[in-house]
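Engineer: Okay, handing you the structure first.
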Amino acid sequence: MKHLLLTLCFVLSALLPAAADEGMWLPSLIAERIDDMRAKGFRLTAEDIYSINRASMKDAVVLFGGGCTGEIVSDRGLLLTNHHCGYDAIQRHSSVEHDYLTHGFWARSRSEELPNEGLNVRILVRMEEVTGRLAAGESAAAIIEAAEAEGTGYRASIEQMYYGDQRYLFVYEQFDDVRLVGAPPSSIGKFGGDTDNWIWPRHTGDFSVFRIYASPDNKPAAYSPENVPYRPKRHFAVSTKGVKEGDFTMIYGFPGNTQEYILSDAVRYVARRSDPTKIAIRDGRLAIIAEAQASDPALRICYAARHASIANAWKKWQGEVLGLERRRVCEEREAYEERFAARVQGDPRYGDLLPQLKAEYARILTPYFAREMLAETLFTLPARYSEAERAEPFFAKRAACERALFRHALKQYDRHCPDGYRLPAFLDGVAAAGSVEAYADRLFEATWSGSDTTQLTALRSDASRMLQHIAWMLGTTSLRNPSSKRLNELYAAYVRALREVDTERAFYPDANLTLRVAYGTVAGYEYADGEYHTPHTTIDGIIAKDNPAIYDYDIPQALRDLHARKDYGRWATSIDGRRTVPVCFLATNHTTGGNSGSPILNGRGELVGINFDRTWRSTMSDIRFDPTVCRNIAVDIRYVLLVIDRIGGAGWLLDEMTIR
Ligand code: ARG
Ligand code: GLU
């Protein structure tokens, strides 16, 4: 039967071509891609990317703070990542007297570098497939324990690939003494704010600088003044030559979560039910918060981080829906499934897979939606207001906004929660109060005054019970990366079947916050009919957007002066005879959340930029990579160097980098 299957001419790929630059590849298997990489302009070898025998690029890439990527750029452990990845650390060191978020921070020497409790980085020691060992009966815990015993500060984990069809051991060295070295003012590091977020053309200097410290014998150690800069096995050299359209680029980092193989049922759920409902609910929350922010400068700051985080996913989902619908991904995937079904008809292993998967989806979609609605409504309400919040001088001014958020959350819950999943405490509360709004007011007043939190506590414990019930029904915690035993087993078999029969397609495991290589080329794209977006922006574009009256576009005077004097030093470049500095660029690398801060490298493995975002419709690439629109956005390393040098006055940092 297997032979028969393989000899069948399987033409799925005509419908779903292995897109040129699609893929997030496992570094230990990169030899399988190296011919393609070299054909696109890579000049080095697979061993240069990942090796366990000698220093390789992987030794210069770090998992930063458990959710971002960073890269080592000196032999003294100097690290680059995004401004938005260092944001928490920068904020925690900021006060009214030393407002590093607003004005930036630059250590003038190593002794001024600031320690950050709780911040760590991980460097991959090695990765290895352990599917066979596990199948042979070895215990995962024993494998992990043995790996952790290999060295100081080692951390190990076993991660699933292809829904658990393969399992890999990852061994990391974790460093817990990571110090803040420098950050530009937010007006550079977050230039454009939420207005420009997920948008091209982009002019954000989204970077910050840290340093890894180790014990005097170069081993991971808790913070100590005795610690010294870490001596890495490898650091990236920086190239100031830049990249032009068509040039090879590669990204080495820790993408968090993608779902490339989900069924049309799941795509439809995301694009037509989940995303649109969550967007609509957040529309209301954002409007309420924005109104409060506009009413008072203290409230603008108080709600800034909250607004930004609500808006980030809200905007991402809109781009994702737009991308999926324009590309007709639901329909495309249905057609793919039809072809698959025809090919495996009667096959004893795979013949029933699709109907089983679809039945499982039909069973879980409503409870899953109920769970999402709880998370987007009732669980956004504060359980109480802390003493610290109450002590803030503007606490009283927040009342109207908070009351509105309570009303909004309860009304949206009432509107979207599927029948059969409504909380008893909610139904009782509404009945007692007479209306949803009156019930929301009661809850708000009790919580706000702090006199009585029992009503909200009752609602929340009902909600927790409901979540447990739903989890039990689903056997899963996340639909988009299903961990349900049943769904996982079916998907594992499905992807196995696809890999067997769809021989034209290049398969790679979904992102799961393990180290990956993506590669592609610098490229613009057709934004709309007749409207081509070039892949480069420059400092002149910052000046064009500059507007002291608009918070997101109000740049530091130093940057205006720099531009007026064209005082760019060795970071200048000439574009069409114009003396300027490049700021951001686009490339076709397949990335997702977690790739923030990743090094973007040229064909020689030199650092040319730092990844920080994708264009709006690109966000569909978490489900379907469309090579015509999917682009990652990087900040050009020359702008980073210019800001460190001319705005930060921290030339001493450049001296320890290897700049070519
Ligand atoms: N969109 C980028 C990433 O997901 C950057 C987010 C930070 N920037 C912002 N303006 N909120 O997640
Ligand atoms: N900004 C994202 C992050 O924080 C990366 C952008 C993306 O999703 O591609 O990881």
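The rows are residues; the columns are (1) within 23 Å of VAL209 (Cα to Cα); (2) modelled with pLDDT of 95 or more; (3) out of contact with any strand residue (DSSP E or B) (no Cβ under 6 Å at 6 or more places or on another chain); (4) among the aliphatic types (A, V, I, L, M).
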residue	(1), (2), (3), (4)
TYR551	no, no, yes, no
GLN557	yes, yes, yes, no
ALA572	yes, no, no, yes
VAL581	yes, yes, yes, yes
PRO599	yes, yes, no, no
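Engineer: While we're on this one: Go through the stretch 601-614 and report how many residues are touching a Lys or Arg at 6+ places or on another chain (Cβ under 7 Å) and surrounded by fewer than 24 Cβ atoms within 10 Å (Cβ to Cβ).
Structural biologist: 3
Engineer: Return a yes/no flag: does the stretch 437-447 have any residue that is open to solvent by 50 Å² or more (accessible area, probe 1.4 Å), farther than 18 Å from PHE369 by Cα, at pLDDT 80 or above and not in a helix (DSSP H, G or I).
Structural biologist: no
Engineer: Consider only pairs whose beta carbons are under 7 Å apart and that are at least six residues apart or on different chains; among these, list those whose first residue lies in the stretch 530-552 and is closer than 22 Å to THR588 by Cα and whose second residue is hydrophobic (A, V, I, L, M, F, W, C) and in a loop (DSSP other than H, G, I, E, B).
Structural biologist: Hits for this filter: HIS533/TRP200; PRO535/ALA523; THR538/VAL581.
Engineer: Still on this structure, please answer the following. Checking GLY597 against (1) on the phi < 0 side of the Ramachandran plot; (2) within 16 Å of ligand 1 (Cβ to nearest atom), which test does it fail?
Structural biologist: (1)
Engineer: Hey, which of the strands (runs of 3 or more DSSP E) in the stretch 493-600, taking only ones fully inside, have at least 3 residues that are surrounded by 16 or more Cβ atoms within 10 Å (Cβ to Cβ) and not hydrophobic (A, V, I, L, M, F, W, C)?
Structural biologist: Those strands (runs of 3 or more DSSP E) span 516-521, 536-538.
Engineer: Name every residue in the stretch 40-72 that is away from ligand 2 (no atom under 16 Å from the Cβ), touching a residue at least 40 places away in the same chain (Cβ under 8 Å) and among the aliphatic types (A, V, I, L, M), in order of residue number.
Structural biologist: The answer is LEU44, ILE49, ILE52, ALA55, MET57, ALA60, ILE72.
Engineer: A follow-up question, please. Tell me which residues, restricted to the stretch 615-631, are open to solvent by 10 Å² or more (accessible area, probe 1.4 Å), part of a loop (DSSP other than H, G, I, E, B) and within 16 Å of ligand 1 (Cβ to nearest atom).
Structural biologist: Correct list: ARG631 only.
Engineer: What strands (runs of 3 or more DSSP E), lying completely within the stretch 147-254, carry at least 3 residues that are within 16 Å of ligand 2 (Cβ to nearest atom), at pLDDT below 95 and among the small types (Gly, Ala, Ser)?
Structural biologist: Those strands (runs of 3 or more DSSP E) do not exist here; none qualify.
Engineer: Only one residue in ILE288, ILE301 is modelled with pLDDT of 95 or more and of a type in the set (Val, Ile, Thr), so which one is that?
Structural biologist: Among ILE288, ILE301, only ILE288 is modelled with pLDDT of 95 or more and of a type in the set (Val, Ile, Thr).
Engineer: Of all residues being within 14 Å of ligand 2 (Cβ to nearest atom) and of a type in the set (Lys, Arg) in the stretch 576-630, which is farthest from the chain's Cα centre (by Cα)? Just the residue, please.
Structural biologist: Per the stated criteria, the residue is ARG617.
Engineer: Tell me the helices (runs of 4 or more DSSP H) entirely within the stretch 308-406 that contain at least 3 residues that are under 24 Å from SER621 (Cβ atoms) and open to solvent by 30 Å² or more (accessible area, probe 1.4 Å).
Structural biologist: Filter on the stretch 308-406 gives 329-344.
The values are calculated or read from the model by the stated rules, or taken from the named source; none is laboratory data. It should be emphasised that the depicted structure is a prediction, and the values quoted were computed from it without experimental measurement. Backbone-built Cβ (ideal geometry, glycine too); neighbour counts: all protein chains shown. Surface accessibility is based on the protein's heavy atoms, side chains included, excluding ligands, DNA and RNA. Shrake-Rupley method; radii C 1.70, N 1.55, O 1.52, S 1.80 Å.
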